[in-house]
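Let me begin by presenting the structure, written as structure tokens, before commenting on it.
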């Protein structure tokens, strides 16, 4: 069964450093998403991406964040200058054209020291 | 703006007993509703979904949920829980238009199974 994959599973970085989180969505999906889950809290929507541009973003997704689909398979989330409060589990998801049934990857745990 | 409330932070159920996890949503139109399960250290797995039609939906692992528009609820049920059901359960709502809308999640209910 096709699945969303994410790498790395765990990323440790120093405050102020740039990080790039990688995702490979399901191959025939057209919508891509990033969510985050701070430890012990609910999953929060960050951004959605369709047709090579951002479709929707939350207030969390400020200028420190960017997304890119550099090729036909990868979908990345970049945090330009990490802060302690960026420490969280980041989930990538993808969906087909309709109905918003989103399939989630296993997540990348980001730890900012 | 849409929102989801899961009023129970923790629920403890004996193995073999029935289960009901509550979810209330707020959304101005017909929502898309989902239940996801998250085992420790794992990602989110879709249990079931409601888009339209029959208000009682069946999912994986023996779970079902009922959409009640009048109560703005989408409660998750299972007739007999197994120890492997211990996990975090999240209810989520998506805009009825589909497409690239982000899901709004509840805070989750932590399910504990007693032997």
Review point. Within the stretch A:25-49, how many residues turn out to be surrounded by fewer than 17 Cβ atoms within 10 Å (Cβ to Cβ), over 27 Å from residue A:84 (Cβ atoms) and touching a strand residue (DSSP E or B) at 6+ places or on another chain (Cβ under 7 Å)?
Key: 1
Review point. How many of the residues making up the stretch A:31-63 are facing chain B (nearest Cβ under 8 Å) and assigned to a loop (DSSP other than H, G, I, E, B)?
Key: 3
Study note, to complete from the structure: Flagged in the stretch B:70-83 as touching a residue at least 24 places away in the same chain (Cβ under 8 Å) and not in a strand (DSSP E or B), in numbering order, are B:71, B:72, B:79, B:80, B:81, B:82, B:83
Check your understanding: Restricting attention to the stretch A:8-19, and to residues there that are assigned to a strand (DSSP E or B) and surrounded by fewer than 16 Cβ atoms within 10 Å (Cβ to Cβ), which single residue is farthest from the other protein chains (Cβ to nearest Cβ)?
Key -> A:12
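Considering only the stretch B:43-59, state which residues are within 14 Å of chain A (Cβ to nearest Cβ) and either part of a strand (DSSP E or B) or modelled with pLDDT under 95 (or both).
B:43, B:44, B:45, B:46, B:47, B:48, B:49, B:50, B:51, B:52, B:53, B:57
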**Study point:** Those residues of the stretch B:32-42 which are more than 10 Å from chain A (Cβ to nearest Cβ) and either under 10 Å from residue B:2 (Cβ atoms) or modelled with pLDDT of 85 or more (or both), in sequence order
**Key:** B:33, B:35, B:37, B:39
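The values are calculated or read from the model by the stated rules, or taken from the named source; none is laboratory data. For clarity, every value in this text was computed on a predicted model and none was experimentally measured. Note that we place each Cβ from the backbone using ideal geometry, even for glycine, and neighbour counts take in every protein chain shown.
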